[in-house]
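These notes are about the structure you will find just below.
The values are calculated or read from the model by the stated rules, or taken from the named source; none is laboratory data. In this text the structure is predicted, and so the values were computed from the model without any measurement. Positions of Cβ are generated from backbone atoms using ideal geometry, with glycine treated the same way; all protein chains shown enter the neighbour counts.
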Amino acid sequence: LEREAYAARFEEGRTRDGHRVEVAANLGNTAHTADAVERGAEGVGLLRTEFIFMAHAQAPDLDTQVAEYRQAIEALDGRPLVARTLDVGGDKPLPYWPVPQEDNPFLGLRGIRLALTQPEVLETQFRALLTAAVGKPLRIMLPMVKDIAEFRAAKSIFDRLLAEIPENERATDVQLGVMIEVPSCALLAPSLAAEVDFFSIGTNDLTQYTLAIDRGHPELSAQADGLHPAVLRLIQMTVDAAHAQGKWVGVCGELGSDAQAVPVLVGLGVDELSVAARQIPLVKARLREFDLAEARRQAELALAQSTSEAVRDALERC
Ligand code: PEP
Ligand code: MG
C-alpha cells in the first residue's frame, strides 16, 4: 500500500469522487522544500519560521531572511508558501529574545503577543517574506492569535509595508491569515472571518488549550486527542464561519495526517491539509478511499459523540 501511495504522490489531493483537498507540507527548514515537493507536496502549508531564527545566534537580518525564504519559494516553483511568523515563547524559547520568568509560559508571552512587543521584528519578517516572494504566491499567518485586535495590530504593519514597497519589488498575490489554535478564536471565528484571508487550524495547540492538557505532558499527552468532540465543534465553527465569508481553511496540526481524522476533517469542510512531508503520499491515498458524502457522515457521527474514545470507536465501526 505504501508503495502504491508513493507511486501516486504527484496526483492532486482529491477524494474518490473528485472533491479537491490540497495536501501541503509542514517544514521547519527551507532546505527541505525540494524534498517535500519530491514527495508530492502541493505547497508548503506551514513554514515554522522560528526554526530559522533558532538556527542563528542572533535575529537574522533582512538579507539573511530573504535568502532563507527564497530557498523555499524557488523550490516550490509557483506552488504556494504559507509562512508562519515567528512563534516563540511558551515551549519554544529563543535565547536572544529573553522573556521574563513566567509561572505559566504556555499562557504567557508567546506567539503573536510576544511578536507585537517588538513590532520591528515582525516588520522585518514581513518585509523579507514580501521581498523574497516577488512574482510568487505568498500566504502569511499569525500564530496564537486570541482575537481580532491582535490580527488588526499585525495587519496594520503589513498594510503599511504593502503601501511602502513598490509592487515590482514585492509579492502581489498575498494573503494574511491567522492560525486557529486558541479556543477564543474559534468561538469568535465569524468576527475574524470577515477580515482575514484564510484560517489554518493548529490542532496541536487548539487541543491543548481546549482540553487543558499540556501537549508534551509525559503521562497526559495521549489524552490530548484532536478527535475530541469539543475540538471538532471548534473546527466546525471555524470552517462554517470562513466559508460563509468565502475564505479557505487549512489544518496544519498533527490531526491532519491521522488516518481516522482525515475523512472527518474533509467532512467538516477543511480545504487543505498540511502534514509532515513523509506523510503526504499516505494522506493523498487516504483521501482517495472515501467520497465527500461518506466524509460528511463520518463528521456527523464524530460530532455526535461525547469523548474522543467514543469518536474513535464509532469511526472504527463505520
Ligand atoms: C499547532 O499548534 O497545531 C501547530 C501547527 O503549531 P505548532 O505545532 O508549531 O505549535
Ligand atoms: Mg501551535
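Residue-wise test of (1) crowded, with 23+ Cβ neighbours inside 10 Å; (2) touching a residue at least 60 places away in the same chain (Cβ under 8 Å).
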site	(1), (2)
184	no, no
192	yes, no
195	no, no
199	yes, no
218	no, no
228	yes, yes
236	no, yes
240	no, no
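Here residue 15 meets the list (1) surrounded by fewer than 19 Cβ atoms within 10 Å (Cβ to Cβ); (2) farther than 25 Å from residue 157 by Cβ; (3) of a type in the set (S, T, N, Q) almost entirely, failing just condition (1).
Taking the range 130-228 as the region of interest, the strands (runs of 3 or more DSSP E) fully inside it that hold 3 or more residues being over 27 Å from residue 260 (Cβ atoms) and not small (Gly, Ala, Ser) are 138-142, 174-180. Residue pairs whose Cβ atoms lie under 6 Å apart, sitting 6 or more positions apart in sequence or on different chains, and linking a residue in the range 68-88 that is among the acidic types (Asp, Glu) to a partner that is part of a helix (DSSP H, G or I) and at pLDDT 95 or above, are 68/30; 68/52; 87/50; 87/111. Considering the conditions (1) part of a helix (DSSP H, G or I); (2) more than 15 Å from ligand 1 (Cβ to nearest atom), residue 234 is excluded by exactly one of them, (2).
Just one of 127, 139 is surrounded by 18 or more Cβ atoms within 10 Å (Cβ to Cβ) and either without any contact (Cβ under 8 Å) to a residue 12 or more places away in the chain or out of contact with any helix residue (DSSP H, G or I) (no Cβ under 8 Å at 6 or more places or on another chain) (or both); which is it? Just a single option satisfies the conditions, and that option is 139.
Only one of the numbered conditions (1) part of a loop (DSSP other than H, G, I, E, B); (2) closer than 22 Å to residue 71 by Cα; (3) of a type outside the set (A, V, I, L, M, F, W, C) is violated by residue 101, and that is (2). Scan the range 237-259 for residues that are away from ligand 2 (no atom under 16 Å from the Cβ) and in a loop (DSSP other than H, G, I, E, B) and the total you get is 5. The set of residues from the range 1-50 being part of a loop (DSSP other than H, G, I, E, B), of a type outside the set (Val, Ile, Thr), over 16 Å from residue 75 (Cα atoms) and modelled with pLDDT of 95 or more comprises 8, 9, 11, 12, 13, 16, 17, 18, 19.
None of 9, 79, 20, 48 is within 16 Å of ligand 2 (Cβ to nearest atom), closer than 27 Å to residue 133 by Cα and surrounded by fewer than 23 Cβ atoms within 10 Å (Cβ to Cβ) except 48.
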